[in-house]
Each structure stands twice: as structure tokens, then as C-alpha cells.
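Below is one structure, written out as C-alpha cells; comments come after it.
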Amino acid sequence: MWQIFMKTLDLLKLGETAKIKAVHGENTSLRRRLLDMGLTKDTMVTLTRKAPLGDPIELNLRDYSLTIRKDDAKLVEVV
Amino acid sequence: MTKKTIALLGNQNSGKTTLFNALTGANQYVGNWPGVTVDRVVGTISKKDWSVVDLPGLYSLSPYSAEEIVSRNYLIKGAYDVVVNVVDATHLERGLSLTLELLSFGEKTVVALNMMDKAKEQNIEIDVKALENKLGCPVVAISAATGDGIDALYEAIENASTPKKLNLYPKVMEDAITTIADKLSGDKQSIKEFIATALLQRDKLYVKEFNNENLQIELVAQRANVERELDDDVESVIATYRYKFVDSLVKEAVKRPSKVGKTLTNRIDDVVTNTYLAIPIFLVVVYVVYYLAVSTIGTWATDYANDVVFGEWATNAAASLLEGSPQWLSGLVIDGIIGGVGAVLGFVPQMIVFFLMLAFLEQCGYMTRVAFVLDRIFRHFGLSGRCLIPMVVASGCGVPALMNAKSIDNINERRITLITTTFVPCSAKLPILAMIAAAFFPESTFVAPGVYLLAIISIFATAFILKKQAAFREDVSPFVMELPDYHLPKLSNVLMSTYERCLHFIKKAGTIIFSTVVVIWFLSSFGFGEEGFGMVEVSDSMLAAFGTAVAFIFAPLGFASWQCAVAIITGLLAKENVVGTLAVLLGLGEVAEDDVSLGAALHGEFSTDAAALAFLAFNLFSTPCIAALGAMRRQLASGKMFAFACVYMLVWAYAMGIIIYQLGGLIAGQVAFGPGTIAAIAVLAVILYFIFKKEKAKSNLRIEARSI
């Protein structure tokens, strides 16, 4: 059996930019919040900063800064 | 001029509050939305006879936080004339998504494009006319901070008309919405469509409300239809196309200079959230707040208020006014009212200093960075880094600390913070500590640090226990937070926020606290003396009788005397009273807390060191003084939650007392093994059980990422 490795937002390197492919976690308040904050399909996101303890992370998208936890970032699939 | 009601809506960092203050000045009234702990702020524009409802700052109208639900219900009910949507011109994309949601209600809407002065500074060019054309509603460029464009905003509000419907979504999605909307009852098409859109997104509130089978079947069919055709689920489709529309708007109407280097905010963040510097900087900020509010200015002012204003002027003035009046009246006014309410109002200067600094830190954008930096540590306790500040301030005084906890956004964190904050020994509790330490541990230096350590343990243990309980697991917006640009707060906003917070406290002091003070004064000054019922010394008062009746409760803690019980009760008025009451009741009169004679008397009162420590612990961790209780009651905004908090603190204090006396005493060889020991072990076991109990997973919040 083979598995394709899914790249998610928490795996980005500092300064790396990626395009959002999908936000998973259907029907959760977390997903809805991520979508509402503009993490929608085809949006370009840059990982701009990590908190001193490595978590949460700061993202730049749509010309503003957003912070989310690493665990939550796993729901966002990027290419 | 016609009467109008204006609903003010916008993102959290859009400058909505600045605009609200600019429009209404000091004509504001803060209340509560029914049933939730969300502030309902209403103001009036005096020169227009309009009233403005300031809805909570939010990013969307999903059903996941109290703020969103309150705003949504308000918009649906339609008890307003015009919606004014505040959008930050320097971050248009983020704001316009909410604008599109608001326009879908089909009510008269005006977009106030705020911070235009900053947009100009950043060389952002915005074609207001193009925005207006595409949105189909008036757009007014303003700057709430400078007051530019406010008159044009008034004019636009006067002339606002109903916007036309925007077609944001692909045909299959629009069809799904109209199909569902047609099945709903109601007369306003736009509202029906809003509810239909929400239902298609499995909106948790509407799905419960519109729980009929035919509709549910149709919803499933329509969702499947959309998913098949667009290869994406409804939630994602709606958000994606809304943002696509925003993107096309911005592309047409906004010209931004290409990025040149780092912005000021970036450069500040490089330092403030730096791996090595972030935590030291935070500690310095906390120390400065503490130093100014607790160690210096705040305390000087409070001491002045207590000793001079209430202690001398008010007392002397009252004494000369009441000359010749009966003893009970001057007793009531001077000892009861001035002494009691004065002790409460005396905190106001300290609160002002503290709130000024915190309002500044909140409004400049630093507090969100604190949450960002410390989230990793605090989330384990169901708290955030933001909660540390009230706790530090509580080491000076719990009252401003509790008042400040209001600005913690997450309601669960806020409640846990409110309940645990007063575990931190405040400055009024220190004399009790000094008294016990001087009498029983004169050589030892471990008592004070030990007490603080116990306070920290109490906070974290309580947070750990409470965060697992259902009442502290209300739905909140997940930790997905904008980091706003830093900016220098407007002085008037800082002052307004400080004024509003202090005013509430003063009102409280005038009502509930006032009456409690009078009751306790009455109980401690009246009783059956030699000449029947009348004014007596404390030792003959009704309070002493009550103390005698309840003293047995404290037997397992090693001190069953009525003097101790009465000292604890008077400590409710102000913790400063404990030492004084005890000294009076032990027949010593006014003495200092480390007086030798008091120490000797205490040795008669407490047979062992362990009992003295248990007394100390009970006083430190039980319910705080009446002023702090008043602040806590208001901030918890729920009688049930407040009652729980009081019971919890009393139980916790009792548990600490029994463990210290029975187990500590046993280890030190001062207390014999007995039923008390077993009780203490049982108490300890229960605490540990609650701490280590497995948390029930909240199923709908986290779903593992889909693996392909």
C-alpha cells in the first residue's frame, strides 16, 4: 500500500509561501473560522514567524497577519 | 430631523470603537445583551437625535461565538434603520468579507472606509467610486481618529437606500439557496436567503430550529448537488467565492505600492516576539505595570485616599456634623459607612493607574502578542498568557485585577481567571501573613515564599480542575487570531475605557457593597449587653454569638475559637480587618501585626504551628473581601457562576487548611493520627482525582486531518 504525503500548513519553513488546496475538518467551528478568516482555496499563505516556543505560528495572507496553533494548521492542506 | 437607530459593525481592529467614540462622545451606556456576557454599548449622536448600537467586533456571522450570535440575531430582528460597516482601509480584504455578509441582509448599509489617513501614508490608493459601484451601497472614506469624513458619513446615512442583491456564488449554489429559501416561511426574501445559506452550511443553531424532515432531505439533496458540480463542500464554496468576489473588488479598486522592506509592525515584532527576548520583554512589561500600579503611584494614591481622604477628612467632617447625635448614628456613619465604603472606594486611584496602562497595552496591539508568545505554556491550564497580567496585579489588589479580566476574550479563560485570581495574596492579606510568621516562625524565611508557592499551586490546580468541567467548556472562537498592526492608541479611547471600568466599580460600591458593609457593621456593634439590646463591644455582639455558633466548623483545621471565626468574618469586609479584630478580641487593643504581646496571645489561641498555618491558609484562599467579590460578581455576569466561585473558594481554603493542619501537623509530630488525618487524606485524594481525571474529548471541535 502506498500513501501520498499530504503537505499541510504546519510543515512550511519560515518564510516559505504556499497555495491552499483545501481546509479539512468538515463541520467544525475551527474550519469555519479558518475559512472566514480568508484561508480559502487557492489563497497564497506565507509562514512569517513562529512563537518563541515554536507554536503557535504567524501567517501572512491577504495582506494581513494571522496567528494559529500548529495543531490547527494541520487541517490546512497546501501545495 | 428624524430619529434613527444605527447599527455599528466591523472587524475587531477596524477602529470601530474609535468611530463610536467620535460619533457619540461621552453619551454612552454599557449594558448587557440578554443571556450572554457580551457588552451592549449604546450611544447617542446628540446633534442628530440618532442612537448608535455598537455591536461586538467580529470577522463573520457564523454561529460559533456569543458575539457572532448576538450580532446575527440583532441584524435579523431588524430593529435599526441603517447598518454602518466599519472597514479598515489598510486591510481591505479582511474587512470586505464581512461587508458582503452584512449586505446579504438587504438592509440599508453604509460602508465607512476607516483609517484613510493611514492608507495615504502607506501610499495605498483606493477608488471609492469603484467600490461603491461593485458593492451597490454608499462607501464613505473617513478617518475616525482625525474626524475627517464624519459629516459625509452622516449625509450618507441620511440618504442610505436598500442595496441590490449581489450574486456572489456559482449558479448551482445560488439555486440551492433560493430553493431552500422558498421552503422557509417569513416575508423578507433576503433574510430567508441568509437563513438558507446558513442551513446549507449546517449552521448548528438553525439546523436545530428548522428541524423538519422535508427541509432536511432537501438540504441534503442540495448540498450533494453543489458538491457534485463544484467538487467542493458548501462551506468551502461559500467562503471561497465570497473571497473571490473580494479579490476582484480589491483588484479593481485598490492600488498598493509594491512591498518595500519591512513595515514598522514587522520590525517591532522581530524584537517583541523574538525567540530569546519575547519572554524577558513580557516580564519587564509586567514588572513595570506592577511597579507603577502596586509599588508606587497607585498605592500612594490609594493610601492617601484611605488614610487622608476617608481616614481624616471624611471622618472628621462626619464627626463634627454628627456632634450631639446618638452614638449609634455616628458609629454607623463613621465606622460602618465611611470605614467600609471608604475602604472600597480607596481602591479607585489604584484602579485608574492600572487601567490606564492596560488600556494602552491592549489598544496598541501588544496584548495579542502576549497571547501569541505564551499560548504554548498556558493552554495546558485552560488559560492564555493574557491571564497572567491580572494575576500579577492581584498581588497588589484583587479588585483592579478582576476588573481587568473582562478584556480576556475567551469566556472560559475569563471565568477561570476570575475564580483563581484572588488566590494570589493581595497587599491587604500580607499583615495576616506577617502576624503568623512573626509569632510562630520568627527565625524562618520559608513562610512567605511558601505561601506564594501555595498560591501558584492553587491557581494551576484549580485551572486544571475547572477546565475539564462542562461549565468551563463553552464554545468559543478557536485560537485563530489576527495580529493587528501596532499603533499609538488615541488618548480619548484610553481614557474612555478607564472611565467606563472605574464607573462600574463605583456604582457597585454605592449599592451592594454599601448594604453589606452596613449589615456587618450592625452585627458587630449590636448585641445583648448588660442593659439589654444595644450597642456593645465586639465580644458581646451578635457577630460574636454567630462566631461561637460556627466555630466548631474550624475544629478539623486546628482552631475552634469564636475569636478566629469572627476575625475571618470581618476579613470579608476587608482583609486588613483580620489582624485588628483578632487583636481586639484577644484583649490587646490596637497593636502592630508583629507585636510581641500579640504573638504571645496567638500562642494561646493556636496550640500548634500547624493550626496557625491552617488559619493563615484559610484566610488567604477563602473568598476575598467584599470589594473584590463585587467586582467578581459583575465580571462573571452570572449569579450561578458567582455562587459556584464563592463555594469553590471556601471549599478550597478549607481543604488547604485541613491538609496543612492534619497532614503537615502529623509530619511535624504536632498532631496525632486520628479521624482528621483520614479526612485530610481523603480531601487530598479527591483533589488529585479531579486534577488527573481524563478530559472528555470534545468531539466536534477537532477532527483529524483527512489522510489521502
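Coordinate-derived values only; no laboratory data. Predicted model only: the values in this text are computed from it and were never measured. Cβ sites come from the backbone with ideal geometry, for glycine too, and all protein chains shown count toward neighbours.
Taking only C-alpha pairs under 8 Å that are 6+ residues apart, what is the relative contact order of segment B:1-119 in percent? Walk me through the intermediate numbers first.
Values: 226 pairs, mean separation 36.2, N = 119.
Contact order relative to length: 30 percent.
In 5 Å bins starting at 0, how do the alpha-carbon pair distances of segment B:87-211 split up by percent?
With a bin width of 5 Å, the distribution comes to 2, 10, 17, 19, 16, 12, 10, 8, 5, 1, 0.
Could you give the Stokes-Einstein D for segment B:180-283 in µm² per second, using the C-alpha Kirkwood radius, 37 °C, 0.692 mPa s? Write out the running numbers ahead of the final one.
Numbers: Rh = 18.0 Å.
Reported coefficient: 183 µm²/s.
For segment B:515-692, build the convex hull from the C-alpha positions and give me its volume per residue in Å³. Walk me through the numbers before you get to the answer.
Working: hull volume 24.8 nm³, N = 178.
Spread over its residues, the Cα hull of segment B:515-692 gives 139 Å³ apiece.
Quick one: of B:406/B:640; B:129/B:255; B:183/B:208; B:188/B:251, which pairs are farther than 25 Å apart, Cα to Cα?
Going by Cα-Cα distance, B:188/B:251 fall outside the 25 Å limit.
Measure nothing fancy, just the Cα-based angle from helix B:447-466's long axis to the longest principal axis of chain B, in degrees from 0 to 90, nearest 10.
Tilt relative to chain B: about 40 degrees.
Based on the Cα atoms of segment B:269-394, what semi-axes does the equivalent ellipsoid have, where each is the square root of 5 times one gyration tensor eigenvalue, given in whole Å with the largest first? Let's see the in-between values first.
Values: eigenvalues 382, 39, 18 Å².
The equivalent ellipsoid of segment B:269-394 has semi-axes of 44, 14, 9 Å.
Using Cα-Cα distances under 8 Å and only pairs 6 or more residues apart, what relative contact order does chain B have, in percent? Spell out each step's value before the answer.
Details: 996 pairs, mean separation 65.4, N = 708.
RCO, chain B: 9 percent.
Need one number for chain A: average projected area of the convex hull over its C-alpha atoms, nm². Numbers along the way, then the final one.
Values: hull surface 22.7 nm².
It is 5.7 nm².
Please work out the C-alpha center-to-center distance from segment B:572-598 to segment B:56-89 and express it in whole Å.
Centre-to-centre (Cα) distance: 55 Å.
Please list the radius of gyration and Dmax for segment B:4-158, considering alpha-carbon atoms only, with Å as the unit.
14.5, 45
Between residue B:187 and residue B:30, take the C-beta separation as r, use R0 = 56 Å, and let me know the FRET efficiency to the nearest 0.05. Walk me through the numbers before you get to the answer.
Values: r = 34 Å, r/R0 = 0.61.
It comes to 0.95.
If you put +1 on each Lys and Arg Cβ and -1 on each Asp and Glu Cβ, how big is the dipole of segment B:49-155 around its Cα centre, in Debye rounded to 20?
Numbers: 8 positive and 17 negative charges, 64 e Å.
The calculated dipole for segment B:49-155 is roughly 300 debye.
In segment B:450-553, which GluC sites (Glu not before Pro) fall in coil by DSSP and have 15 or fewer other Cβ atoms within 10 Å? Before the final figure, lay out each step's value.
Numbers: sites: B:474, B:482, B:500, B:530, B:531, B:537; in loops: B:474, B:530, B:531, B:537.
For GluC sites (Glu not before Pro) across segment B:450-553 that sit outside H, G, I, E and B with at most 15 neighbouring Cβ atoms in 10 Å, the list reads B:474, B:530, B:531, B:537.
Could you let me know the centre-to-centre spacing of segment B:219-266 and segment B:100-157, using Cα atoms, in angstrom?
21
Under the 0.36 nm per residue contour assumption, what length would be gained going from the current alpha-carbon distance of residue B:448 and residue B:39 to full extension? The partial results should precede the final answer.
Values: separation 409, 0.36 × 409 = 147.24 nm, distance 3.96 nm.
Full extension from residue B:448 to residue B:39 adds 143.3 nm.
If one takes the longest principal axis of the Cα atoms in chain B, at what angle in degrees, from 0 to 90 and to the nearest 10, does the Cα axis of helix B:430-440 lie?
40
Which of the aspartates and glutamates could a cross-linker span from residue B:4 if the Cα-Cα distance has to be under 17 Å and same-chain partners fewer than 8 positions apart are dropped?
Those aspartates and glutamates meeting the cut-off are B:49, B:54, B:81, B:107, B:151, B:155, B:158.
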